[in-house]
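Trainee: The structure that follows is given in the form of C-alpha cells.
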C-alpha cells in the first residue's frame, strides 16, 4: 500500500514539473528607450523688468524671476552706466510686442551670463536640452556655456545666428561639441582640439555668450551687432549639492 502511494506521489510530482515552463537561457532584459526617460524642466528664466521706471539698465540679481537661481556675469567689461557697459535688461515701449530681454550690446569686450541653482547641480546627459527665444544682429552667434562641477568652463559649437525677428529653438546637449572657455576673458582657450567626452553629469552653471564685443559703433545700443535672449529653458535632472 505504501509503495502504491509513493508511486502515485511521484507521478503527480512528475506531471507538475512537466507542466512548469523551463527557464530560458540568456533571456534578454527590456530594452532601454531614451525617449521614455526625458529629463524634466530644470529651470526657466523669463527675466523681470526691475526697476520698472527705466526701460534699459544693467541686469542684476533682481532681474531673475526665481529666488532659487543666482545670476553670474563674466568678462572684463563691468556693469555700468555713463558710459553704458556690460549686459543689460531691456523692456521697450516699441515694438509693442517686444518682451523683456537680455542684451549684450553694451559689452565693450566679450561677455557672458550664466545661471546657477542654489540647491542643485544639473545632469545634462541623455536627452537633456536647452530651449531659448533669441534674436541676434550683425555677425553675433549666441552659444551655450556650462561650468562643470570641477570648475572647468566649456563653450559649445551650437550657435544661433542673426535673424530679422525673435526665433524659438531647442537643441540636445548630446549633439553639442565643446571647447574650453576662459570665462574671465570669455574666449576659447588651452588648445584648438574639441574636449573629448566631458562629464556633463554634474553641471554647476548654464548660460550663454556670443564671444564678441557689443555695439561700439552705437555706444552700446542700437542694432549694429548684439545678442538678445527673451527666455531660457534648461531640461535636465537635478543633482543635490
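The values are calculated or read from the model by the stated rules, or taken from the named source; none is laboratory data. As the structure is a prediction and not an experimental result, all values here were calculated from the model. Counting neighbours? That spans all protein chains shown, and the Cβs are built from the backbone with ideal geometry, glycine included.
Trainee: With 201, 224, 192 as the choices, which residue is on the phi < 0 side of the Ramachandran plot and in contact with a strand residue (DSSP E or B) (Cβ under 6 Å, 6 or more places away or on another chain)?
Mentor: Working: 224 fails: in contact with a strand residue (DSSP E or B) (Cβ under 6 Å, 6 or more places away or on another chain); 192 fails: in contact with a strand residue (DSSP E or B) (Cβ under 6 Å, 6 or more places away or on another chain).
Just a single option satisfies the conditions, and that option is 201.
Trainee: Among the residues of segment 92-108, what is the count of those that are within 15 Å of residue 74 (Cα to Cα) and surrounded by fewer than 16 Cβ atoms within 10 Å (Cβ to Cβ)? Before you say what the answer is, go through the steps one by one.
Mentor: Looking only at segment 92-108, we keep the residues that are within 15 Å of residue 74 (Cα to Cα), and these are 102-108.
In the following step, the residues that additionally are surrounded by fewer than 16 Cβ atoms within 10 Å (Cβ to Cβ) were identified as none.
Residues that pass the stated criteria total 0.
Trainee: In segment 52-66, how many are in a loop (DSSP other than H, G, I, E, B) and within 20 Å of residue 114 (Cβ to Cβ)?
Mentor: The qualifying residues number 5.
Trainee: Can you tell me which condition residue 195 does not meet? The list is (1) farther than 29 Å from residue 83 by Cα; (2) surrounded by 13 or more Cβ atoms within 10 Å (Cβ to Cβ); (3) under 17 Å from the mean Cα position of the chain (by Cα), and all the others hold.
Mentor: (3)
Trainee: Out of 83, 106, 55, I need the residue that is more than 21 Å from residue 230 (Cβ to Cβ) and either in contact with a strand residue (DSSP E or B) (Cβ under 8 Å, 6 or more places away or on another chain) or modelled with pLDDT under 95 (or both). Which one?
Mentor: Within the list 83, 106, 55, the selection yields 83.
Trainee: Quick check on residue 67: is it surrounded by fewer than 19 Cβ atoms within 10 Å (Cβ to Cβ) and either touching a strand residue (DSSP E or B) at 6+ places or on another chain (Cβ under 8 Å) or within 18 Å of residue 224 (Cα to Cα) (or both)?
Mentor: No: the conditions fail for residue 67.
Trainee: Moving on to the next point. Filter segment 220-238 down to the residues that are over 18 Å from residue 42 (Cβ atoms) and either part of a strand (DSSP E or B) or touching a helix residue (DSSP H, G or I) at 6+ places or on another chain (Cβ under 9 Å) (or both) and list them by number.
Mentor: Step one: filter segment 220-238 for residues over 18 Å from residue 42 (Cβ atoms), giving 220-228, 230.
Those that are over 18 Å from residue 42 (Cβ atoms) and either part of a strand (DSSP E or B) or touching a helix residue (DSSP H, G or I) at 6+ places or on another chain (Cβ under 9 Å) (or both): 224, 225, 226, 227, 228, 230.
Trainee: Is there a residue in segment 117-133 that is within 14 Å of the chain's Cα centre (by Cα), surrounded by fewer than 14 Cβ atoms within 10 Å (Cβ to Cβ) and either modelled with pLDDT under 95 or not in a loop (DSSP other than H, G, I, E, B) (or both)?
Mentor: Scanning segment 117-133 turns up no residue that is within 14 Å of the chain's Cα centre (by Cα), surrounded by fewer than 14 Cβ atoms within 10 Å (Cβ to Cβ) and either modelled with pLDDT under 95 or not in a loop (DSSP other than H, G, I, E, B) (or both).
Trainee: Of the conditions (1) within 17 Å of the chain's Cα centre (by Cα); (2) surrounded by fewer than 23 Cβ atoms within 10 Å (Cβ to Cβ), residue 219 fails just one. Which one is it?
Mentor: (1)
Trainee: Can you work out which of the residues in segment 146-201 that are part of a loop (DSSP other than H, G, I, E, B) and touching a residue at least 60 places away in the same chain (Cβ under 8 Å) is nearest to residue 230 (Cα to Cα)? I'd like the intermediate steps shown before the answer.
Mentor: So the first thing to find is which residues in segment 146-201 are part of a loop (DSSP other than H, G, I, E, B), and the list is 149-152, 157-159, 161-166, 176-177, 183-186, 189-201.
Cutting the leftovers down to touching a residue at least 60 places away in the same chain (Cβ under 8 Å) gives us 166, 183-186, 200-201.
Working: 166: 8, 183: 23, 184: 25, 185: 24, 186: 21, 200: 25, 201: 27 Å.
Across segment 146-201, the extreme among qualifying residues is 166.
Trainee: Give segment 30-51 a look and list any residue that's over 21 Å from the mean Cα position of the chain (by Cα) and either within 11 Å of residue 100 (Cα to Cα) or part of a helix (DSSP H, G or I) (or both), or say none.
Mentor: Hits for segment 30-51 are 49, 50.
Trainee: Let me ask something additional. Give the number of residues within segment 70-116 that are closer than 23 Å to residue 181 by Cβ and not in a strand (DSSP E or B).
Mentor: 13
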